[in-house]
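Asker: A single structure is presented below for examination.
Each reported figure results from applying straightforward, stated rules to the coordinates on display, with no laboratory input. Since the structure is predicted, the reported quantities are computational estimates derived from the model, not experimental observations. So basically every Cβ, Gly included, is an ideal-geometry build from the backbone, and we count neighbours across all protein chains shown.
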Amino acid sequence: MRHLFKLDPAKKLPDGATERLVQSGTDGFIIGGSDGLLLEEVQELFRTFSSFGLPVFIEVSDEAMVFPGASEYLIPMVLNTTDVNWLLGAHHKIVKDYGDFIPWPYVLVEGYCILNPDAKAAQLAKANTDLSTEDVAAYASIAENMLKLPIFYVEYSGTFGDVKMLLAARAELVNTKLWYGGGIRTVEQAAQMGKIADVIIVGNILYEDFEQALETVSAVR
Ligand code: 1GP
């Protein structure tokens, strides 16, 4: 897996977008967003995209996104948060309330490192974004060696990230996959981060320049 589109249930894609996205060569879709998530919108988007055989991940950042029947669930754990709720608090609550119904074989935990201070996710999760490359490397090492997470996600949502930060994470990771997302708007940017990360995630540009978004797939092919 090399490329994923992140779909925001609160935003509208252009007409005919679904077929073109499915045929774009992408490896799949993440349904996620930082605010205003409504269960109906999430389910509608899931229904639309899940019938084509590509993976559709539901990123559960809000209880509103919990519904049975999705093929895979991504659970963010914000490693650089200053608020325990985003590290384990919300997770504890969900497992306590819904534990018996959680399809564990289909759950993947993402160790997030949020680095754009202006991103909604950074503010919501009270992330400490004032980090050095050594700090990022240490979080990556925690994901790899202590928590043995499947995914370490370098998140710059809304702005193109610092390659040095991604390289610092890369150097620590063997079994944990490195995902990068944030500000990818061109093929060149997709190629630059795609060379370092295992998977790149393309979000906002889908809603700003759809044609350009489609082209990012070619960068990692
Ligand atoms: C958001 O990492 C993704 O969680 C993608 O970021 O929306 O900036 O492409 P953009």
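Asker: Given the rule -39500 (n - 2.57) for each run of at least 4 DSSP H residues, summed and divided by the residues of the chain, what is its mean residue ellipticity at 222 nm, to the nearest 500 deg cm²/dmol?
Answerer: The helix-only estimate for the chain comes to -7500 deg cm²/dmol at 222 nm.
Asker: Return an integer: the convex hull volume of the alpha-carbon atoms of the chain, in Å³ per residue.
Answerer: Dividing the Cα hull volume of the chain by its residues yields 113 Å³.
Asker: While we're looking at this one, here's another question. Which of the lysines could a cross-linker bridge to LYS11, judged by Cα under 18 Å and excluding same-chain residues fewer than eight apart?
Answerer: Within reach: LYS120.
Asker: So what J values fall out for region 44-50 if you push phi through Karplus, 6.51 cos²θ - 1.76 cosθ + 1.60 with θ = phi - 60°, rounded to Hz, Gly and Pro as x?
Answerer: Running phi through 6.51 cos²θ - 1.76 cosθ + 1.60 with θ = phi - 60° gives 4, 5, 4, 4, 4, 9, 7 Hz.
Asker: Sequence-distant or interchain residues sharing an amide H contact under 5 Å with LYS177, placed H: which?
Answerer: ILE151, PHE152
Asker: What does the charge add up to near ALA17, with Lys and Arg as +1, Asp and Glu as -1, over the other residues with Cβ less than 12 Å from its Cβ?
Answerer: For residues surrounding ALA17, the net value is 0.
Asker: How large is ³J(HN,Hα), in whole Hz, for each residue of region 204-221 in order, when computed from phi with the Karplus curve 6.51 cos²θ - 1.76 cosθ + 1.60 and θ = phi - 60°, using x for Gly and Pro?
Answerer: Calculated HN-Hα couplings, in order: 3, 4, 4, 9, 10, 8, 4, 4, 4, 4, 4, 5, 4, 4, 5, 5, 10, 10 Hz.
Asker: In debye to the nearest 20, how big a dipole does region 3-220 give about its Cα centre with +1 on each Lys and Arg Cβ and -1 on each Asp and Glu Cβ?
Answerer: For this selection, approximately 320 debye.
Asker: Sorted by mean Cβ packing within 10 Å, highest first, what order do the peptides 183-192, 146-155 take?
Answerer: 146-155, 183-192
Asker: Straight distance only, please: which lysines reach the Cα of LYS177 with their own Cα at less than 22 Å, same-chain residues fewer than 8 apart left out?
Answerer: LYS6, LYS148, LYS164, LYS195
Asker: Which whole-Hz ³J(HN,Hα) couplings does region 90-99 yield from phi under the Karplus relation 6.51 cos²θ - 1.76 cosθ + 1.60, θ = phi - 60°, glycine and proline marked x?
Answerer: Rounded to whole hertz, the list is 5, 5, 4, 5, 5, 5, 5, 7, 10, x.
Asker: Sticking with this one: What's the local net charge at ASP27, with K and R +1, D and E -1, over the other residues with C-beta under 14 Å away?
Answerer: +2
Asker: When the chain is modelled as a GNM with alpha-carbon springs shorter than 10 Å, which of VAL60, VAL84, VAL42 fluctuates the most?
Answerer: VAL84
Asker: Tell me the net charge near LEU74. Cut-off is 13 Å between Cβ atoms, LEU74 excluded, with +1 for each Lys or Arg and -1 for each Asp or Glu.
Answerer: Result for the neighbourhood of LEU74: -3.
Asker: Okay, next question. Springs between alpha-carbon pairs under 10 angstrom, Gaussian network model over the chain: which of ALA143, ALA125, ALA90 fluctuates most?
Answerer: For the chain, modelled as a Gaussian network with Cα springs under 10 Å, the answer is ALA90.
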